[in-house]
Amino acid sequence: MALTFDTRYPSIDDLRNKAQKRIPKFAFEYLDGGCNEDVNLLRNTSELREVQLKPNYLKNHHGSSLKTKLFGIEYDAPVGIAPIGLQGLIWPNSPEILAKAAFNHNIPFILSTVSTSSIERIGELTEGKAWFQLYHPAEDTLRDDLIKRAAEAECPVLVILCDVPTFGFRPRDIRNGLAMPPKMSIKNVLQVLGKPSWALNTLKYGQPNFETLKPYMPKGLDLKQLGKFMDHTFSGRLNEAKIKPIRDMWKGKLVLKGVANEVDVEEAIRLGIDGVIVSNHGGRQLDAGESTIKPLERITAKYGDKIEVMIDSGLRSGPDIARAMASGAKFTFMGRSFMYGVSALGNKGGDHTISILKTQLLQVMEQLCCETVEDFPNHLIKTN
Ligand SMILES: Cc1cc2nc3c(=O)[nH]c(=O)nc-3n(C[C@H](O)[C@H](O)[C@H](O)COP(=O)(O)O)c2cc1C
């Protein structure tokens with residue numbers, strides 16, 4: 001096994017530990033935390049890890065490939081970078097670092113409406129390969145303008161989000177007075193002073209801003225004003241009336257993210273949606289919800305041949321990707337893992353994180369005697 005990454009950080013846990021040392025506490029807690037008591041945050045990973053796979057050691061093996069076809073596009077691995085809001089607050093310039101790394105490794109990068117780079121900049125960096133995640137605007141004119149900009153940036157896939165009818169209740173962010181730009185209370189200044197590389201990079205790239213939304217918003221909002229702006233600019237709860245015009249307008253593939261049960265998948269199919277991401281926002285919205293591996297198993301069994309079913313939330317390794325694929329997912333996404341990588345290693349973090357995940361996943365495939373990603377389900381050990 002040729003190791004092409006910095007061998008001091010061979011796991012996502014190593015990157016998380018390093019990230020915690022390098023970025024201010026308010027930024028790390030925003031990235032790392034779940035909602036309420038973190039029950040579903042922890043359950044996502046622990047229940048996924050109950051999935052077990054069987055190896056076939058005596059079968060002939062002709063080599064393994066991570067190549068994965070999704071929506072007619074061939075990607076180099078079945079994993080993509082999930083959309084993250086306020087990305088540049090966690091690590092300066094991180095959307096561009098991750099988008100470029102995704103482009104170089106030929107995997108999808110999804111830009112959030114509330115990330116800190118614009119659709120146009122990310123479209124240019126990825127030569128039109130990035131996906132765009134749309135928070136649903138309250139005004140039709142804003143919705144249409146954002147969709148038009150995503151089409152002009154040549155995004156192949158538009159992702160709409162159904163799991164944010166309200167903002168998650170996140171005690172750490174409430175205590176930290178999370179704001180955009182960060183509020184420089186004495187507590188936060190002390191935290192920043194202890195993290196010189198984050199502070200220097202923030203000076204270099206400037207205060208993070210919602211670049212895609214800049215044309216529509218007033219400057220310098222604190223958390224309270226930001227909440228108000230978001231509340232009146234976006235109407236989180238999706239329904240048929242909101243999805244239909246988007247489906248009519250968007251000529252590319254349309255994906256619904258945040259699906260957590262079969263009823264919503266049935267509705268998505270009826271509305272002409274091309275794919276769903278089974279997701280609970282990384283345990284940041286409903287602490288009393290299920291881990292994503294549970295509905296994934298039910299959804300792929302019932303609808304796997306009718307719609308592309310993808311998953312995120314709680315994946316932290318190559319074996320985790322393998323577990324999800326064996327359980328029927330066509331593709332996987334990760335949010336925090338890539339942000340830990342870029343926070344830990346800066347410009348090299350995206351490339352490093354993708355490299356360790358690819359290396360780990362390939363090792364699992366060789367161990368299982370799994371030659372293609374479509375073969376993963378044949379290695380699932382059914383426990384009930
Ligand atoms: C700090 C943070 C910000 C996020 N912001 C967004 C967002 O703006 N839009 C979105 O669709 N999902 C957002 N998510 C959810 C991720 O896209 C993804 O569903 C989640 O991170 C997956 O779980 P994981 O972090 O355990 O991999 C965010 C997640 C985190 C951790």
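Can we say L146 is more than 14 Å from the ligand (Cβ to nearest atom), of a type outside the set (G, A, S) and at pLDDT 90 or above?
no
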*Out of region 108-125, which residues are in contact with an Asp or Glu (Cβ under 9 Å, 6 or more places away or on another chain) and away from the ligand (no atom under 15 Å from the Cβ)?*
E120, R121, G123, L125
*When only residues in region 333-353 that are within 9 Å of the ligand (Cβ to nearest atom) and over 15 Å from F28 (Cα atoms) count, which is surrounded by the most Cβ atoms within 10 Å (Cβ to Cβ)?*
F333
*Within region 370-384, tally of residues that are open to solvent by 10 Å² or more (accessible area, probe 1.4 Å) and out of contact with any strand residue (DSSP E or B) (no Cβ under 7 Å at 6 or more places or on another chain)*: 9
_Residues being at pLDDT 95 or above and either out of contact with any Pro (no Cβ under 7 Å at 6 or more places or on another chain) or open to solvent by 10 Å² or more (accessible area, probe 1.4 Å) (or both) - total across region 114-127_ = 9
*asked:* Looking only at region 10-47, how many residues end up being aromatic (F, W, Y) and out of contact with any Ser or Thr (no Cβ under 9 Å at 6 or more places or on another chain)?
replied: 2
_Answer from E297, E290 - the residue that is in contact (Cβ under 8 Å) with a residue 60 or more places away in the chain and closer than 24 Å to I273 by Cα_ = E290
*Please indicate, with yes or no, whether at least one residue in region 52-70 is out of contact with any strand residue (DSSP E or B) (no Cβ under 9 Å at 6 or more places or on another chain), at pLDDT 95 or above and within 16 Å of the ligand (Cβ to nearest atom).*
no
*Looking only at residues in region 71-96 that are open to solvent by less than 10 Å² (accessible area, probe 1.4 Å) and assigned to a loop (DSSP other than H, G, I, E, B), which one is nearest to L134 (Cα to Cα)?*
A82
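Being touching a residue at least 24 places away in the same chain (Cβ under 8 Å) and in contact with a strand residue (DSSP E or B) (Cβ under 6 Å, 6 or more places away or on another chain): is that true of P108 here? Let's see the steps before the verdict.
On the way: touching a residue at least 24 places away in the same chain (Cβ under 8 Å): yes; in contact with a strand residue (DSSP E or B) (Cβ under 6 Å, 6 or more places away or on another chain): yes.
The answer is yes for P108.
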*Scan of region 1-41 for residues that are among the hydrophobic types (A, V, I, L, M, F, W, C) and within 16 Å of the ligand (Cβ to nearest atom), ordered by number*: I12, L15, A19, I23, F26, A27, F28, L31, C35, V39, L41
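Taking R49 as the residue in question, decide whether it is surrounded by fewer than 24 Cβ atoms within 10 Å (Cβ to Cβ), at pLDDT 95 or above and within 16 Å of the ligand (Cβ to nearest atom).
Numbers: surrounded by fewer than 24 Cβ atoms within 10 Å (Cβ to Cβ): yes; at pLDDT 95 or above: yes; within 16 Å of the ligand (Cβ to nearest atom): yes.
So R49 fits the description; yes.
The values are calculated or read from the model by the stated rules, or taken from the named source; none is laboratory data. Small disclaimer: the values here were computed from a predicted structure and weren't measured. Every residue, glycine among them, receives a Cβ derived from its backbone with ideal geometry; neighbour counts consider all protein chains shown. Quick note on the areas: whole protein, heavy atoms, side chains included, nothing else; ligands and nucleic acids left out. Shrake-Rupley method; radii C 1.70, N 1.55, O 1.52, S 1.80 Å.
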